[in-house]
C-alpha cells in the first residue's frame, strides 16, 4: 500500500486556493508531472465528474481517468481511479489558518498490483517528492498573484 501525505501553508485566502486547486483545468500549471486534463463530463466539478489526465511518472507516460468521489468546495476534494495497474485515490483538503493563509494537504493512496507492487517503496518515495514539488509550485503561483 502506498500512502503519501504532504502539506503546505499558502499565503492566500482559502477560497482562492481551493478554487484554483480543485479546477482540473489548472492541474497542468501546478502539477509537475501532469501534461493535460480533459473533462469527460460537463462542467462544473461535482461528485461523479470524470476527468482524463495524461502524466509522466518514473519515465513513463500514464493516461488515467479520475472520478470525483467527494467534493465540498473550500474544504475537501476526493478523486479516485480504478483503471490500470495502480488504483489511486487523491485527496485535497483546505483549511483557513486566518483570513490570508490556507493549509493545503495532498494525499495519494493506492495499492499497486503485479510488477508495480515490487516497486512500492520507490514509488512512495518518488510520489512524496513529486507532491512536495507540486505544493511548492502551487504556493509560488498563487502567492505571486497580485493581492486584490
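The values are calculated or read from the model by the stated rules, or taken from the named source; none is laboratory data. In this text the structure is predicted, and so the values were computed from the model without any measurement. Neighbour counts run over all protein chains shown; Cβ positions are idealised from the backbone, glycine included.
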- When both residues are 6+ apart or on different chains and their Cβ atoms are under 6 Å apart, which pairs have a first residue that lies in the stretch 55-80 and is more than 17 Å from residue 134 (Cβ to Cβ), and a second that is outside any strand (DSSP E or B)? 68/47; 68/49; 71/47; 74/14; 74/15; 74/18
- Going by the conditions given, is residue 50 over 13 Å from the mean Cα position of the chain (by Cα) and closer than 17 Å to residue 131 by Cα? no
- Can you pull out the residues in the stretch 123-148 that are exposed (fewer than 11 other Cβ atoms within 10 Å of the Cβ) and at pLDDT 80 or above? 144, 145, 146
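Can you tell me how many residues in the stretch 121-147 are assigned to a helix (DSSP H, G or I) and out of contact with any helix residue (DSSP H, G or I) (no Cβ under 8 Å at 6 or more places or on another chain)? First the steps, then the outcome.
Filtering the stretch 121-147 down to residues assigned to a helix (DSSP H, G or I) leaves 121-144.
Next cut, out of contact with any helix residue (DSSP H, G or I) (no Cβ under 8 Å at 6 or more places or on another chain) only: 121-122, 124-133, 135-136, 139-140, 143-144.
Residues in the stretch 121-147 being assigned to a helix (DSSP H, G or I) and out of contact with any helix residue (DSSP H, G or I) (no Cβ under 8 Å at 6 or more places or on another chain): 18 in total.
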- Do we have any residue at all in the stretch 56-63 that's in contact with a strand residue (DSSP E or B) (Cβ under 7 Å, 6 or more places away or on another chain), surrounded by 15 or more Cβ atoms within 10 Å (Cβ to Cβ) and at pLDDT 95 or above? no
